[in-house]
Each structure stands twice: as C-alpha cells, then as structure tokens.
1. Note the direction-averaged projected area, equal to a quarter of the hull surface, for the Cα convex hull of region 111-150, in nm².
2. Using the alpha carbons of region 130-230, what is the convex hull volume per residue in cubic angstrom, as a whole number?
3. May I ask you to give the average projected area over all directions of the convex hull of the Cα atoms of region 189-297, in nm² rounded to one decimal?
4. I need 97, 112 ordered by Cβ neighbour count within 10 Å, fewest first.
5. Let me see the P(r) profile for region 216-274: every Cα-Cα distance counted, bins of 10 Å, each bin given as a percent of all pairs.
6. Checking the table 174/318; 39/184; 128/184; 128/183 against a 19 Å threshold on Cα-Cα, which pairs fail?
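Each reported figure results from applying straightforward, stated rules to the coordinates on display, with no laboratory input. Just so it is clear, the model here is predicted, and its values are computed rather than measured. Cβ sites come from the backbone with ideal geometry, for glycine too, and all protein chains shown count toward neighbours.
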Amino acid sequence: MVKKIILMLLLFLVLLPSIAALSLTGKKLSPVTYIPGSKIVNHYVVSDTNYPVEISISSEPFSHIYTTSVINNEFDLILDFPAEEFIPPGSYTIGLKAAEMPSGSMGAISSKVAVSNVIYVEVLSYDKDVNVFLSAPNINEGSNETITLNVNSMGYPNIDEVYSKLSIYDYQNKLIEEKVTEKKALPGLGSITFASTFDTGGLAANNYEARAIVFYDGRMEAANVSFLIGNMDVSVQNYSQSLTQGFDTIWITVKNNWGNRIRNVYAKLYVQEEELVHTSSIDLEPWQEGRIESLMQVPLSPGAYNASLRLFFEGEQKIIPITLQVAAPENNAAVEASAEGDSLYFLTTIVALVLLIVVLSLMIFKKKSKTKNEI
C-alpha cells in the first residue's frame with residue numbers, strides 16, 4: 001500500500017509542471033471601445049503544453065466574434081462589430097478560454113487544464129455626449145493664468161459645433177474675467193482642446209476658481225477647478241498646542257505658498273520674550289507641506305502662556321502669536337502610589353521570610369530534642 005502511494009505521488013510530481021504551466025499570451029486589448037463597422041484581429045499563442053488545445057469564447061450580446069483554427073498552438077481572435085448591429089450602451093465582457101484535451105492513455109490521472117482571458121468592451125452613447133476636463137495650474141503673483149479645456153466625445157455621432165465660456169472667480173465668488181472660445185467641430189469619439197490666457201498679474205495671493213460652460217449642438221456641460229495664486233511665503237498649518245513640563249517634543253506643520261522651492265525653513269519658540277527652542281530646518285518644494293520639530297526642555301510651570309513662533313525662511317521671518325498650554329508630568333500620583341506599594345511589598349516579604357526562618361528553626365529544634373530523648 002505504501003509503495004502505491006509513493007508511486008502515485010511521484011507520478012503527480014511528474015505531471016505537476018504540465019498542469020501549472022499552460023499559458024495564453026497575446027497583445028493586450030482590454031478595454032475595447034465598441035465602434036460600429038470596425039473589426040479587430042488579435043493574435044494569441046498557447047504555450048507550455050504537450051496536448052491538443054481547444055479554444056472557446058463567450059461573447060454575448062455580440063454575435064460576430066469568433067476565432068480561427070488552432071495551428072501549431074496559435075490562433076486569431078476576431079472582434080467584428082457590424083454597423084447594422086445594435087448593442088445597448090454599457091460595459092460587457094468577452095471570455096476567451098484555452099483548454100488542454102488530454103489523450104485517453106493517461107487514464108483517470110489525466111486532468112483538463114485551462115487558462116482564461118477576459119476582454120472588457122465599452123459601448124458608448126448613440127446620442128451626442130461629451131466629457132469635459134478643465135485644468136488651471138497654481139501660479140505665482142505677477143503671472144498670468146492659462147486655462148486649458150479638453151472636450152471628449154463620448155458618443156458615436158459627430159458634433160457640428162462646440163464652444164465654451166471660460167471664466168475666473170475669486171474666493172468671494174466675484175467674477176474677475178470671462179472669455180468665449182472659438183467654435184469647433186467634434187468628430188464622434190474624438191477630442192478637441194481650448195486654451196485661454198487670463199491677465200491675473202494684478203491679483204493678490206489667494207484661492208481662485210476657473211469655470212467652464214461647454215455648449216455643443218444645443219446641449220451644455222459645466223466644469224470647475226480651483227487654483228492658487230501664491231507668493232514667497234510659508235504659513236503655519238498646525239503646531240504643538242500643549243507641552244509637558246520637563247522634556248517634550250515641539251512640532252510645527254508648515255506649507256510653502258509659492259510655486260518655487262523655499263530653503264532653510266525653521267522656527268523659534270518664544271515665551272515671555274525668552275527663546276526656548278530653535279527647531280531643525282527643512283526645504284519645501286513648490287506648494288509642499290512639511291513638518292519641523294525639536295526635542296526641548298520645558299522649564300515653565302503648568303498653565304497657559306501667551307507665546308510666539310518666529311518662522312524663518314529664505315532670509316525672511318514672520319511672527320505668529322500663539323497660546324501655549326504647559327501640563328504637569330502625567331501619573332505622578334501613580335508613581336508615588338507604586339513606590340508605596342513596592343515598599344509595602346518589600347516589608348511584607350521580609351516579615352514572611354523571618355516567620356519562615358523561625359518556623360524552620362523550631363521544627364529543627366524539636367527534631368533534635370526528640371532524637372536526644374530516644375538515645
């Protein structure tokens with residue numbers, strides 16, 4: 001019986017490479033955009049098998065998808081999309097499967113090994129439809145803003161006329177400037193780009209918004225995106241609002257409000273005009289947020305203090321008034337209670353050891369007395 005089991009295991013190990021290695025390779029198709037009247041041919045190779053191979057496909061609701069005969073383990077997949085065939089808009093999958101067909105000589109040990117490939121097909125709208133993408137980069141003070149609008153057709157019909165109204169608004173929703181683009185034709189499934197430059201050189205550093213309304217053959221689509229006009233400045237986003245008496249770590253989160261690199265950013269903490277710490281320094285990339293910190297000694301009594309952070313960068317400095325809370329070290333009472341508990345435990349242990357020694361001494365004394373009497 002043991003010999004039979006060993007033999008079957010050896011046979012399984014011999015067959016295992018063939019079972020695990022079957023592969024199906026071809027040019028990546030997925031995802032496929034369904035275009036009526038088009039045809040796609042893709043070549044595949046089946047490898048790592050010693051058996052004949054059978055190819056099968058599942059392609060509903062498409063009725064003109066098929067494969068050629070397998071010759072030398074190679075075949076073609078044909079995706080034929082007739083112009084007269086109507087497929088409802090949506091997402092579909094086509095399953096392509098290659099399976100070994102083992103010969104009967106291997107008996108019951110032979111197994112049918114298969115490998116599959118899934119192709120996703122997107123059927124778009126039969127009506128006129130578009131997607132719009134609006135971009136407006138962050139800029140520095142004194143620069144002009146260029147807004148770029150991409151319009152992509154998401155339907156099969158051609159669009160005769162596309163144009164857009166582009167505008168810039170400030171953070172109070174006040175219109176700053178508005179422009180109307182030229183008119184363009186947009187082929188079905190095609191794309192076009194509009195770009196307009198706005199005079200923003202006189203605008204102050206702040207948040208702004210670019211907006212677009214796209215008009216196409218009696219329909220419209222809107223998009224908006226925010227952008228920054230920055231200056232050579234570093235702002236404090238957050239900081240350690242509470243420190244513990246003794247030693248603690250102070251941290252400050254800062255942000256570069258400029259479209260260029262700012263080097264050597266660090267801070268000093270002042271309480272009652274006394275400098276308590278000088279933090280480490282960092283460099284900030286354009287629009288980047290970073291963290292500066294430092295271990296410091298906190299010599300202040302617990303309580304609230306009016307303090308200030310002095311932020312240094314690129315030869316500039318700014319003062320940020322803050323309120324700092326100093327807390328007493330935690331668990332003082334717990335430490336004292338623990339010390340008292342340790343002392344009590346030590347005392348109890350000593351008493352127990354003394355009692356144990358006394359009991360043992362009495363037992364030894366009684367044993368010696370008894371032995372002496374017997375003699």
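1. 6.9
2. 78
3. Convex hull of Cα atoms, orientation-averaged projection: 11.6 nm².
4. With the fewest neighbours first, 97, 112 line up as 112, 97.
5. Per 10 Å bin, starting at 0, the Cα pair percentages come out as 14, 32, 22, 14, 9, 5, 3, 0.
6. From the list (174/318; 39/184; 128/184; 128/183), the Cα-Cα distance tops 19 Å for 174/318; 39/184.
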